[in-house]
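Okay, so here's the structure we're looking at.
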Amino acid sequence: MNRSRPTSLAATVTLLLLVGISGCTEADRATGPDTHLPTTDPPTTGFEARGGEGWTTHEEELDFLAALEAGSSRVRLTQLDSSVEGRPIHLARVGIPTPPSDAQIALGRSLLVIGVQHGNEPAGREMALQLLRDLAWTDDPTLVDYLRDVTLLVIPSANPDGREANSRTNAHGVDTNRDHLRLVTQEARAMARVLRDFTPEIVVDAHERPGGTSPEMELLWPRNLNVHGPVRDLSREMVEDFLFPDLEAAGWSTGLFGPNPGAPGDENEHILRNAAGLRHSLALLTETAGQRPPAERVEAQMETMRSVIRFHRERADAIREAVTTAPVAKALAGAGRSEPFFLRGADNDPPAPAQRLDPPPCGYLLHVDAAGLLARQLEWLPLRSETAGAEGRFIPMDQPLMTVVPLLADARARGPVVEALPLTSAAACADPGSVEPPEPPPWTGPAQHVADFGATATDGSPEGWSMHWRESDWRAEGPPPFVRHRVGSTSGRRALAWDLPGEEGIIHGEVEVFAVVRVQEPMAETRFQLALHLSGEAGSENAFYLDARADGTVRLNRYQGGTFGTLASAPLPFALDAGAWYAVVLRYRDHLLSGKIWPEGESEPEGWQVEAVSTLFGSGRVGLAHFSPGAVNDWGWVSVGTGGEAAPRRP
């Protein structure tokens with residue numbers, strides 16, 4: 001289809017209906033729209049410089065942002081955080097004559113645009129960079145008035161490591177757009193900080209459908225039923241009454257993202273589109289068709305933003321009223337228990353009765369020792385908690401973000417962070433401290449354990465260890481003492497689990513395992529496996545484990561209900577030779593798995609060779625494992641540190 005499309009934000013907005021609301025004073029207006037125009041030429045992105053033949057690189061983005069801030073007094077740039085691999089995650093502010101202070105932005109009106117949460121969806125990032133530049137250099141009177149009243153906030157690259165690797169996930173293999181409630185990743189916490197500190201009126205989350213061809217742009221609003229009604233309704237109005245007509249008038253084909261009940265267009269509270277709505281911002285998901293030409297995809301994102309700004313101007317009063325009354329309305333509803341709460345259910349997919357709390361509890365009680373599980377949410381959302389008796393913490397529903405409390409704390413929710421006790425009786429609600437809190441999680445305390453196999457009889461099964469999943473040939477040998485594992489002729493996962501003190505050797509929470517291993521001939525494709533948080537039976541094995549492979553990689557893997565998956569992998573800086581001893585470390589801390597291998601006798605590497613985040617398991621045993629028929633491993637030393645302690649290294 002041939003189209004005639006505007007190529008800059010200013011060119012289009014002059015064609016739109018220019019009836020809006022501005023908060024600037026007459027004195028501000030008297031300065032005129034051109035007073036604060038930059039005197040330098042606007043910079044171009046790498047994508048623009050190459051005519052759309054190649055996305056802007058990370059280094060070009062940094063140079064571009066620096067040029068924006070140096071060339072226009074309308075731009076202020078700060079670093080929110082760093083990515084897993086150390087790349088900066090920036091927040092840019094655009095305002096006229098200059099961006100307000102952060103305190104003023106928090107009290108005023110703002111629009112937040114987020115690019116490239118998924119690193120293999122780059123068009124939104126290009127849009128974000130171009131939008132920053134266009135508004136920083138615009139002399140369009142309508143846009144100048146808009147920026148006197150509204151601060152544009154932009155996170156161009158929310159997942160810079162993923163963009164660098166052209167990967168959907170961050171460098172830990174986590175989809176950040178499924179982490180906006182747990183907040184495990186620093187990338188999600190960076191976005192949460194902006195939502196918390198600035199409470200933007202509208203949040204735009206720019207994505208692409210990598211395999212999509214038609215329609216050219218799909219859009220969606222927050223569908224979670226716990227979003228304040230006017231906030232959700234206005235988000236939907238933005239899509240249906242503004243964006244769809246404007247895009248179609250400009251020649252773009254449009255559609256809803258995930259229009260049918262169920263994923264991916266559902267109510268999932270971990271997705272930013274819904275998470276922002278639950279935090280009382282209007283929200284928009286944009287999804288360009290990833291199989292279309294790059295320049296078209298970027299322009300479709302730009303056209304969408306032109307319409308968003310038109311909507312923001314023309315519906316300013318209604319938007320402001322909705323986002324400012326939402327926190328009060330939700331806190332009052334939580335205090336009076338006057339509205340049902342939905343553990344599931346979207347505005348196009350009503351929940352089953354069992355997924356509806358009506359009336360909802362007045363709050364959730366947990367043991368003080370479990371309160372740390374919600375430390376991130378208490379800080380970054382933020383949530384309020386109260387002391388309840390000598391051993392309890394109470395998270396009440398009479399607070400603005402009651403919209404997420406049951407989702408975090410109710411055992412019946414999709415993915416609660418902690419399972420707390422819902423309080424429903426009048427007496428308990430009046431005095432939460434009168435109720436005995438649930439037992440705290442059985443976290444394993446600080447301790448260190450060492451097994452050097454010196455007390456185990458030669459040619460006998462190692463004492464203090466138990467075969468797990470399947471029987472296998474484990475024998476203590478030496479001198480010097482070690483345990484040899486000869487995998488039999490039949491395949492199948494098998495492990496030797498350490499019978500550590502306590503509950504059947506189970507470790508809850510943080511744990512680090514150190515081992516010294518020798519790979520013997522015949523060398524299997526998988527050289528060895530060092531496991532933690534292992535549980536389950538043969539055929540339904542659960543574990544995290546580190547292994548080394550014949551292709552020269554070190555991997556972090558998991559078994560979940562018997563299903564294998566690789567969480568992360570990296571090349572080893574050396575080859576594993578038969579007959580040589582190697583030191584191995586695997587650590588689990590706050591959902592972060594870390595591993596490294598080095599030749600024994602050499603200095604331990606300072607950093608980790610491979611890392612991944614997973615919330616699958618928090619408890620289980622530690623052990624040595626393998627599955628390849630005929631494989632032979634020797635284990636000369638194993639140690640464990642729990643509760644934050646390091647595993648002792650072999651002297």
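General observations
- Residue check for Glu287: closer than 25 Å to Val150 by Cβ, crowded, with 18+ Cβ neighbours inside 10 Å, touching a Phe, Trp or Tyr at 6+ places or on another chain (Cβ under 7 Å) and not assigned by TED's automatic domain parsing to the domain that holds Trp380: yes
- Among the candidates Phe453, Phe394, Phe482, residue that is over 29 Å from Pro382 (Cβ atoms), in contact with a Pro (Cβ under 9 Å, 6 or more places away or on another chain) and outside the structural domain of Asn226 (by TED's automatic domain parsing): Phe453
- Residues located in the stretch 258-279, provided they are out of contact with any Pro (no Cβ under 7 Å at 6 or more places or on another chain), among the hydrophobic types (A, V, I, L, M, F, W, C) and crowded, with 19+ Cβ neighbours inside 10 Å: Ile271, Leu272, Ala275, Leu278
- Filtered residues of the stretch 604-651 (kept if in a strand (DSSP E or B), polar (S, T, N, Q) and within 15 Å of Val585 (Cβ to Cβ)): Ser639, Thr642
- Ala580 being out of contact with any Pro (no Cβ under 6 Å at 6 or more places or on another chain), outside the structural domain of Trp469 (by TED's automatic domain parsing) and small (Gly, Ala, Ser): no
- Of everything in the stretch 575-597 that is without any contact (Cβ under 8 Å) to a residue 60 or more places away in the chain and loosely packed, with under 13 Cβ neighbours inside 10 Å, the residue that is nearest to the chain's Cα centre (by Cα) is Ala575.
- Residue list for the stretch 319-343, restricted to those being farther than 15 Å from Ala283 by Cα, in a helix (DSSP H, G or I) and aliphatic (A, V, I, L, M): Val328, Ala329, Ala331, Leu332, Ala333, Ala335
- Selection count, the stretch 345-359, where residues are assigned to a loop (DSSP other than H, G, I, E, B) and among the polar types (S, T, N, Q): 1
- Only one entry of Ala206, Ala275 meets the criterion of being under 29 Å from Thr324 (Cα atoms) and touching a His at 6+ places or on another chain (Cβ under 9 Å), and that entry is Ala275.
- If you check Asp139, Asp134, Asp145 for being within 21 Å of Ile309 (Cβ to Cβ), part of a loop (DSSP other than H, G, I, E, B) and acidic (Asp, Glu), only one passes: Asp139.
- Being assigned to a helix (DSSP H, G or I), buried (at least 16 other Cβ atoms within 10 Å of the Cβ) and at pLDDT 95 or above holds for only one residue in Leu77, Leu111, Leu68, and it is Leu68.
- Whichever residue in the stretch 510-522 is out of contact with any Lys or Arg (no Cβ under 7 Å at 6 or more places or on another chain) and at pLDDT 95 or above and, among such residues, is surrounded by the fewest Cβ atoms within 10 Å (Cβ to Cβ): Arg518
- With respect to the stated conditions, His118 is at negative phi and assigned to a loop (DSSP other than H, G, I, E, B).
- Total residues in the stretch 42-65, condition part of a loop (DSSP other than H, G, I, E, B) and either of a type in the set (A, V, I, L, M, F, W, C) or surrounded by 19 or more Cβ atoms within 10 Å (Cβ to Cβ) (or both): 4
- Per the listing Val227, Val194, Val239, the residue uniquely in contact with a Gly (Cβ under 7 Å, 6 or more places away or on another chain), within 25 Å of Leu153 (Cβ to Cβ) and either outside any strand (DSSP E or B) or not assigned by TED's automatic domain parsing to the domain that holds Phe311 (or both) is Val227.
- Residue check, His90 at pLDDT 50 or above, crowded, with 19+ Cβ neighbours inside 10 Å and in contact with a Pro (Cβ under 8 Å, 6 or more places away or on another chain): yes
- Residues that are over 17 Å from Gly579 (Cβ atoms) number at least 2 in the following strands (runs of 3 or more DSSP E) confined to the stretch 480-520: 494-498, 511-520.
- Looking across the stretch 598-647 at every residue that is surrounded by fewer than 21 Cβ atoms within 10 Å (Cβ to Cβ) and β-branched (Val, Ile, Thr), the one that is farthest from the chain's Cα centre (by Cα) is identified as Val632.
The values are calculated or read from the model by the stated rules, or taken from the named source; none is laboratory data. All figures in this text were calculated on a predicted structure; none of them were measured in a lab. So basically every Cβ, Gly included, is an ideal-geometry build from the backbone, and we count neighbours across all protein chains shown.
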